[in-house]
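Worksheet: one structure, shown below.
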Amino acid sequence: VFNCFARHFCLHFEAFHLGMAPVYVAFLRFMGDEEEARQFSYSLEVGGNGRKLTWQGIPRSIRDSHKKVRDSQDGLIIQRNLALFFSGGDRQELKLKVAG
């Protein structure tokens, strides 16, 4: 949870399966209603080994369940093997940059 523009936001990061594929999803949630959330935008960037993957979106209201947001795939979806590649293959660290 962090404070930005005098509002509160929450970064959600979760591992799950998309079909049979292990993936990670990351998205930003806004601590307020959907109408106010639409006034903001954000980007998430993950990368390593000279490559990067970027997601741009509008934060989802905290009033939407994380399962609803995850299942709609409204966020940065990273396949597990790509996350391992970005981390250098050592499974130690995956850097995620948040901007808004």
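The values are calculated or read from the model by the stated rules, or taken from the named source; none is laboratory data. A quick note: this is a predicted structure, and the numbers were derived from the prediction, not measured. Backbone-built Cβ (ideal geometry, glycine too); neighbour counts: all protein chains shown. Only protein heavy atoms, including side chains, enter the accessible area calculation; ligands, DNA and RNA are left aside. Shrake-Rupley method; radii C 1.70, N 1.55, O 1.52, S 1.80 Å.
At 1.4 Å probe size, with every protein chain present, just tell me what the per residue accessible area of segment 44-94 comes to in Å². Walk me through the intermediate numbers first.
Details: 3240 Å² over 51 residues.
Per residue, segment 44-94 has an accessible area of 64 Å².
From most to least packed by mean Cβ count within 10 Å, the peptides 51-58, 92-99 give 51-58, 92-99. Of the accessible area of the chain, computed with a 1.4 Å probe over protein heavy atoms only, carbon and sulfur atoms account for 49 percent.
Give me the number: length gained by fully extending Lys52 to Asn81, i.e. 0.36 nm times residue separation minus the C-alpha to C-alpha distance, one decimal in nm.
Numbers: separation 29, 0.36 × 29 = 10.44 nm, distance 1.41 nm.
Extra length from Lys52 to Asn81 when fully extended: 9.0 nm.
Over segment 2-99, the pair-distance histogram of Cα-Cα distances with 5 Å bins from zero comes to 3, 13, 24, 23, 18, 12, 7, 2, 0 percent, rounded to whole numbers. Computed over the chain, relative contact order equals 28 percent, with contacts defined as Cα pairs under 8 Å that lie 6+ residues apart.
So what is the calculated 222 nm ellipticity per residue for the chain, using -39500 (n - 2.57) for each DSSP H run with n of 4 or more, over all residues, to the nearest 500 deg cm²/dmol? The helix contribution divided over the chain gives -3500 deg cm²/dmol.
Multiplying the residue separation of Leu18 and Asn3 by 0.36 nm and removing their Cα-Cα distance gives an extension gain of 2.3 nm.
Using a 1.4 angstrom probe on the protein heavy atoms only, line up Phe13, Phe27, Phe86, Phe2 by accessible area, largest first.
Working: Phe13 100, Phe27 0, Phe86 20, Phe2 75 Å².
Reading off the accessible areas and sorting them downward yields Phe13, Phe2, Phe86, Phe27.
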